[in-house]
Each structure stands twice: as C-alpha cells, then as structure tokens.
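For reference, the structure discussed in these notes is given below.
We did not get these values from a lab; they are worked out from the coordinates using the rules stated. All figures in this text were calculated on a predicted structure; none of them were measured in a lab. No Cβ is skipped: glycine too gets one built from the backbone with ideal geometry, and neighbour counts run over all protein chains shown.
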DNA sequence: TGGCAATGTCAACAAGGCTGACATAAAATC
DNA sequence: GATTTTATGTCAGCCTTGTTGACATTGCCA
C-alpha cells in the first residue's frame, strides 16, 4: 500500500481509520449486501420478478397510499424505470393504484391481498437473515451497525430514511 | 404489523429484534449501499465503466496475480460476465494477464500502472466516505458494524472474506 | 385561460447479469 | 501414450433494470 490520504496511524485512538480497516469495511459491505439480497431474490425469481419489484413492494407496504412521485424520490430511479415495474405489479394484481381524492392528478399506491402475501414472504426471508445476524452480533453491535450505515448515506437519503423511521418508532 | 415470526418482544434484552428494528436495519442497508457506491460510480461513468469494472479492479489490486477462476469465485458471477469486463480492462491497458508459470493454463491478473492510478482514484473516493462515516460513528460502532455485516454473509462468502482479511491484518 | 405539475407511455439504448455451446491448451489420470 | 478433466476464452442470445428524449393527458392553480 502506498501512502495515500488516510494511510498510517494518526493517533493511538485512530487505529480503526487505517487504510486496511477501511478496506475491510468496504469488502464487508460488498459481501454482506450479496447475502442480504440473496434470499428474497430466490423467491422473486420464481415469480419472474427482480430486485426492483422487491423495492417497490417494500416501500409501498411501508407507506400505504404513497404517491408515485414520493416513491420515485425514495427509490431514486426515473419514472420510466419505475413505471415498468409498477405496471407489471398492477397488471398482476399485487398493487392497486387509486386516483387521489384531494389532488386527482396523483395516484395512491396500495398492496392488494395478493401483494401483502408476497410482501410477507419476501420480508420473512430477509428478516430471518437479518434477525440471525443481529442475534449473533448482539444489541451493541446492532446499534453500531445502524450508526455507521446512517453516517454513510447521502444527506438527502439520510433525511428520507430518518423521516421513514421516526414514525413507527 | 401482523404477528409474523419474530414479532413482539420476547424478553427484556431482545427489544432490538422486533420487526420494526429489523425493518430499520433493512432500510438502512438499502440507503447506505446507495451512498457507498455513488462516489466511485461518478468516476467510473466518466471512463465509460460501471460497477462491475470497479469490483474487478478492486479484487485484482487486492490479490495481485490472482487467477481468473479465483476472481470468479470471489465476485460470484459467470465467466462470460467477468470476461466482458476483463476484456475491456485489458484492452484499455489497465489490467495485464500473464500465463501462469507453474500451470500454464492459468492466467494471472495484475493491474498496470494505469490500472493502479484508477484503482487509487476509486479507492480514495470510496474510502473518503467510509472514513468520514467511521470517524463520525466511532470505533465501537465500527466494530459492531463489521460484526453484523460478517454475520449477514453467506457462509461461503464469509470464509472468502475472512481469508482475504486475515493476511494483511 | 394559460401554465405548471403528476402521471403514463413509446422508443431506443446500455450495463451487466444469465444460459448454452463450442474451442483450445495444458494438466492429470488411467 | 491415450484419454479425460481443468482453465480459459468466445459467440450468440436473452433478461432486468437503469438511462434519455419526446409526447399526451389530466387536473390544479394563478
């Protein structure tokens, strides 16, 4: 390793900020994210869906009646990209799109009964893995895990995340 | 929330395993991973590369002279998929492929000077974000972060991760 | 009434996964 | 020494999911 920025030990209490420690963290993110998505991916595949469908289902479930625009902002994709996914979910009867009552331009999105069933299935699979990991790691580690992840988000996404998690606390 | 598996409080010390806590963890992974990759992605885009190129560059740098087969196992993709990426990196003079001396069927992969430059650029961008997050969160949180991520990996990937991180400790 | 906002849709393109098939060279094995 | 297996590369085609650009509809609002 060369002496790039952040190399070496800058102080007795900063040993966790060496290049080597940072690299471990980076690689841990890579490998963990793979595991994180692998269980739901297997379920989605059987239905002919992909990760994008899971994300849409998750956040529609999370915020019943959310608008398309809001969903776009949370997911951070283009409307054309989201629309493709949403179309298939609506056509398959997993998501319902209702015209807004206050503002009739808006569409409010809800999971149907069938949508809730799939959501539960995906959620169970993903939660099982996260729960096991949390249990093995313990409460203190989990707290640290969340703290670091939050610090890693883009400010705009952090705001959205915090807004999502503060209700339902 | 319904009473799915893992719902509710099972004991005074298990409040961190409620569905709500798990969901926060899941959403934190989603939002954090976005931030985690956004800085390198911007650099890659200027060169006409994508995430797959970054991953290849990272692990070739990490393990100088690794074989194609080894890289395939670490990345968890097909050889056709990796080959496409590797081809462009070799053609662009960022990666060198040398015939193995012991086993001449194998190709050993190395970053060239130009490859090292790009690696450093990508690495600096990603490390800057992770370093800031680590610094803000503190050593204890970082330790918990790594513990949870490790517990979240597939066993096979965890073994690979640990093998990678134990040398160069 | 005119303009802006929310949504949907068509078309085209790119990245990066995948499968299947086939080729070559070298190692390993019988 | 002949055969099989391994490591790699490559062609072709398919899928998901992201992108841009253009355009239409509807409805809110000033």
Exercise. In segment A:55-72, how many residues are near DNA strand C (Cβ under 9 Å from one of its atoms) and assigned to a helix (DSSP H, G or I)?
Worked result: 5
Problem set entry | Among residues of segment A:20-37, those that are more than 7 Å from chain B (Cβ to nearest Cβ) and farther than 10 Å from residue B:157 by Cβ, counted | 3
For this session: Could you please find all residues in segment B:38-54 being surrounded by fewer than 19 Cβ atoms within 10 Å (Cβ to Cβ) and either assigned to a helix (DSSP H, G or I) or within 13 Å of DNA strand D (Cβ to nearest atom) (or both)?
Result: B:38, B:39, B:41, B:42, B:43, B:45, B:46, B:47, B:50, B:51, B:52
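Considering only residues that are over 21 Å from residue A:26 (Cα atoms) and in contact (Cβ under 8 Å) with a residue 12 or more places away in the chain, look in segment B:109-132 and name the one that is nearest to DNA strand C (Cβ to nearest atom). It would help to see each step written out before you state the result.
Of segment B:109-132, the ones over 21 Å from residue A:26 (Cα atoms) are B:109, B:112-114.
Going one step further and asking which of them are in contact (Cβ under 8 Å) with a residue 12 or more places away in the chain, we end up with B:109, B:112, B:114.
On the way: B:109: 16, B:112: 19, B:114: 18 Å.
Result: B:109.
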For this session: Grab the helices (runs of 4 or more DSSP H) fully contained in segment A:81-169, keeping just those with 3 or more residues being touching a helix residue (DSSP H, G or I) at 6+ places or on another chain (Cβ under 8 Å), at the interface with chain B (Cβ under 7 Å from one of its Cβ atoms) and farther than 21 Å from residue B:158 by Cα.
Result: A:139-152, A:155-166
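Condition test on residue B:52, is it under 11 Å from the mean Cα position of the chain (by Cα), more than 11 Å from chain A (Cβ to nearest Cβ) and farther than 24 Å from residue B:104 by Cβ? Give the steps one after another, and end with the answer.
Details: under 11 Å from the mean Cα position of the chain (by Cα): yes; more than 11 Å from chain A (Cβ to nearest Cβ): yes; farther than 24 Å from residue B:104 by Cβ: yes.
Considered against the rule, which asks whether it is under 11 Å from the mean Cα position of the chain (by Cα), more than 11 Å from chain A (Cβ to nearest Cβ) and farther than 24 Å from residue B:104 by Cβ, residue B:52 comes out as yes.
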Problem set entry | Qualifying positions in segment A:85-108 - touching a residue at least 12 places away in the same chain (Cβ under 8 Å) and within 8 Å of DNA strand C (Cβ to nearest atom) | A:86, A:97, A:100, A:106, A:107, A:108
